[in-house]
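The values are calculated or read from the model by the stated rules, or taken from the named source; none is laboratory data. Keep in mind that this is a model prediction, so the values were computed, not measured. Counting neighbours? That spans all protein chains shown, and the Cβs are built from the backbone with ideal geometry, glycine included. We work out accessible area using only protein heavy atoms, side chains counted, and drop any ligands, DNA or RNA first. Shrake-Rupley method; radii C 1.70, N 1.55, O 1.52, S 1.80 Å.
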Amino acid sequence: MRTDIKVPEKYLPIIDQEACIRCKRCIKSCSYGALEFKDDKVRVKDGCVSCLRCVIDCPTSAITVVERPSSYAPHAVFSPEIRRSIMAQANSGGVLLSSCGANAEYMDIFNDILLDAAQVTNPSIDPLREPVETKTYLGRRPGKVVVDDDGRIDLDASETPIVVMDMPIMIGHISLGSISYNAQAALFRAASELNILAGTGEGGLHNDFYCHSKNLCAEVASGRFGVTSHYLKEVSCVDIKIGQGAKPGHGGHLPGEKVQKLISETRMIPLGTDALSPYPHHDIYSIEDLQQLISVLKESTEYSVPVGVKIAAVHNVGAIASGIVRAGADFLTIDGLRGGTGSAPRVIRDHAGMPIEIAVSAVDQRLQEEGLRDKVTLCASGSIRTAADMIKCIALGADVVGVCTSAMIAMGCTVCQQCHRGACSWGIATQVPELAARLDTEVAAQRVINMFHAWNEELKEIMGAMGIDSVESLVGNRDRLRYIGPNPRIAEILDVKHSGEGWG
Amino acid sequence: MSDDNSTVVIDAGERDRLGHPLDYRELNRRIRKTLSEGQERIVLMNVMGQRYIASATGGTRMRIEIHGTPGNDLGAFLNGGTLEVFGNAQDVTANTMNGGRIVVHGNSGDITGLAARGGTLLVKGNSGYRVGIHIKEFEGVGPSLVIGGFVNDYVGEYMAGGTIFVMGLGCTSSPVGLNVGAGMHGGRILVRGGLDEHQLGPGACLAELDEKDAAVVEGLMSQYEAAFAATIDRSVPVLKVMPLDSRPFRGHYDSTTI
Ligand code: SF4
Ligand code: SF4
């Protein structure tokens, strides 16, 4: 039973009444109902989430959103967030829900790692004038080369299917349902134009998007939404989702309000029902069981596409990864605890799992020790925010990085962490037609293309500066990283030297 | 067994030079090759646990007879046609079945019918744990899973649509285990011959059959009788397990901005 004491409002939109021309645009912009027009003035009500839609839409820049100054009395232990969450739970008795990735600064290790560059003894390369290769291959490595009669390497002779991408980047799995049709259309179009991969998420594939199938990776999750043999054969690779970094061990839950016509058709479920993905795959309780799902997917696609497995970074990730490779996965994705989500319990989002920096390094080392690393493609995701994170993540052992939140930010997302409410004012994480229509697919796609293009150029710049001419030579190249953070034990676990330590 | 001239017989018990029966990859390759040549009637003899048989197949006229014991994942992603097993089937039979018909003249294992969204499965005997987990329906079309004998715990868990019918033939006590329909939010589980409140899982409730249900029961019984040359006593009562709500998580979460 609810017993409400109001949780204080968090944000305050301030309207500069002098500058305001009373166009009322902000009132329409706000999908959270936080503004109203009364007595010839724009007035503030409750509910602002600081999404900044009104701020950006206002033609006279008359709006500023600030954190409410009337905040709780400072306390070093009971932070305002902790006090607010207790208040909210005492009101509702509910599990606190949030979205986007973990919200805790101490988990960031990328910021504690510095890159190397070439000086004197190894020449750097100017990537604008010399070739620096960023082509990336996803799939099981055949382990041998076949040479034709003319002495050329015969690329078609490989017995295992391989996907070729122009950048070591995959747009992560974001389902239709968690985001709008327009948002998914933009991401898929960007992936096609960049010739990289995009994940479909677990909601199946809308008929309109089959034109992008050669750049799509289909996700098979425990709910099997929209998964048919036709779909599996059309896409370029198939990913079994065991877990997600933002909510390891948790299932999926798309609330019934979001299961509208479009979603119901694509997921192949009735309108308006909750779309639930069971917490585990109930056909998988062991590595042997996982091997069966991998095998049945390979049989069902007649061995025409690589089949991978995605897991959340949990404490025993190295051993699990080893089992997954032995079970026949062609690629393996590790999703770190800062990874994004359209909806997750805060308690899991912020407290369960392992940062991707540690997880990718642990998996890379474990697979090397066991002689398995050469066999698979290792993808890593979970808050790869910038090209710098991508480069560090690759040097820690990833072949490919998965990116979601940054691609959403490129489309307009302000990381307001309200995705789970389905009222995204930017038309991204919503199924409300009027809101979804706010996102211009062409513009959004172009912005995502621009961002990844820039990242790839930055990758080349860094590789050039390091004197490396192919991204494959950067993979797991920890010698080019140094640790500068507060905890040298982390450096040891990453197998990265401390800043100040040389080569010898 | 059909002795139609156009029937292709594949001997799954054929030994390789090490004495092993045909590998599942080779068996499935032969099945696919036969189907692609337009031969839609296949008889598999001496099947010895080969997995994934006939996955992702399914022309409407396809008919595959399986003699022996098929391995796990029989008929996964099946789209149409008929698979008929003269023996027992193993775990995950009809995994994510989309359409078609699977008839098992014996028992089937755990998680039979996992995540199916169409088609019909008839099992003459019993089945294991978590039968019909997360089966669902779309635009009024859903799968029907019929188990002649009993099933173990968690039948119809997370069920989002379709029909599971447990007939309890030959059973002297309730033919379903515990946690029936746990987390179900669509569809119906029909149980012939006894089911107590305490056997229900969270989110499920008991109900009397309505007219539509009764028609479904009769239809599935007749299909069973035809498939297995059986006669079912119509006087034993059938109960229905259905979801309390199509939104089981309503009220469980709190979206306050923290
Ligand atoms: S549009 Fe966004 S920032 Fe502006 S008032 Fe509404 S919630 Fe706050
Ligand atoms: S997608 Fe929309 S709701 Fe989600 S964080 Fe971004 S702006 Fe907010």
Is it the case that some residue within segment A:51-61 is within 13 Å of A:I14 (Cα to Cα), near ligand 1 (Cβ under 9 Å from one of its atoms) and open to solvent by 30 Å² or more (accessible area, probe 1.4 Å)? yes
A:V44 passes all but one of the listed conditions (1) within 11 Å of another protein chain (Cβ to nearest Cβ); (2) surrounded by 13 or more Cβ atoms within 10 Å (Cβ to Cβ); (3) away from ligand 2 (no atom under 16 Å from the Cβ); the exception is number (1)
- Is one or more of the residues making up segment A:415-431 among the aliphatic types (A, V, I, L, M), modelled with pLDDT of 95 or more, more than 28 Å from A:S50 (Cα to Cα) and open to solvent by 40 Å² or more (accessible area, probe 1.4 Å)? no
Filtering segment A:397-429 down to residues that are in contact with a strand residue (DSSP E or B) (Cβ under 7 Å, 6 or more places away or on another chain), of a type in the set (A, V, I, L, M, F, W, C) and away from ligand 1 (no atom under 16 Å from the Cβ) yields A:A398, A:V400, A:V401, A:V403, A:C404, A:A407
Counting only residues in segment A:390-399 that are open to solvent by less than 10 Å² (accessible area, probe 1.4 Å) and in contact with a Ser or Thr (Cβ under 6 Å, 6 or more places away or on another chain), the one farthest from A:L216 (Cα to Cα) is identified as A:L396
Within segment A:54-93, residues among the aliphatic types (A, V, I, L, M), free of Cβ contacts under 8 Å to residues at least 60 places away in the same chain and part of a helix (DSSP H, G or I) come out as A:V55, A:I56, A:I82, A:I86
Across (1) within 14 Å of chain B (Cβ to nearest Cβ); (2) exposed (fewer than 13 other Cβ atoms within 10 Å of the Cβ), A:N122 clears everything bar (1)
Those residues of segment B:131-148 which are more than 9 Å from chain A (Cβ to nearest Cβ) and under 13 Å from the mean Cα position of the chain (by Cα) amount to B:V131, B:G132, B:I135, B:G142, B:P143, B:S144, B:L145, B:V146, B:I147, B:G148
Restricting attention to segment B:119-130, does a residue exist that is under 24 Å from B:P21 (Cα atoms) and within 14 Å of another protein chain (Cβ to nearest Cβ)? no
In segment A:94-118, residues that are in contact (Cβ under 8 Å) with a residue 60 or more places away in the chain, in a helix (DSSP H, G or I) and open to solvent by 50 Å² or more (accessible area, probe 1.4 Å) total 1
Checked A:P270, A:P278, A:P255 against criteria (open to solvent by less than 10 Å² (accessible area, probe 1.4 Å), within 13 Å of another protein chain (Cβ to nearest Cβ) and more than 27 Å from A:V163 (Cα to Cα)); the one match is A:P278
Scanning segment A:381-427 for residues that are in a strand (DSSP E or B) and more than 16 Å from ligand 2 (Cβ to nearest atom), the one farthest from A:I196 (Cα to Cα) turns out to be A:S381
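Let's see how each residue does on (1) open to solvent by 20 Å² or more (accessible area, probe 1.4 Å); (2) in contact (Cβ under 8 Å) with a residue 40 or more places away in the chain; (3) within 24 Å of A:T160 (Cβ to Cβ):
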position	(1), (2), (3)
A:I287	yes, yes, yes
A:Q291	yes, no, yes
A:I294	no, yes, yes
A:D330	no, yes, yes
A:G336	no, yes, no
A:S343	yes, yes, no
A:R349	no, yes, no
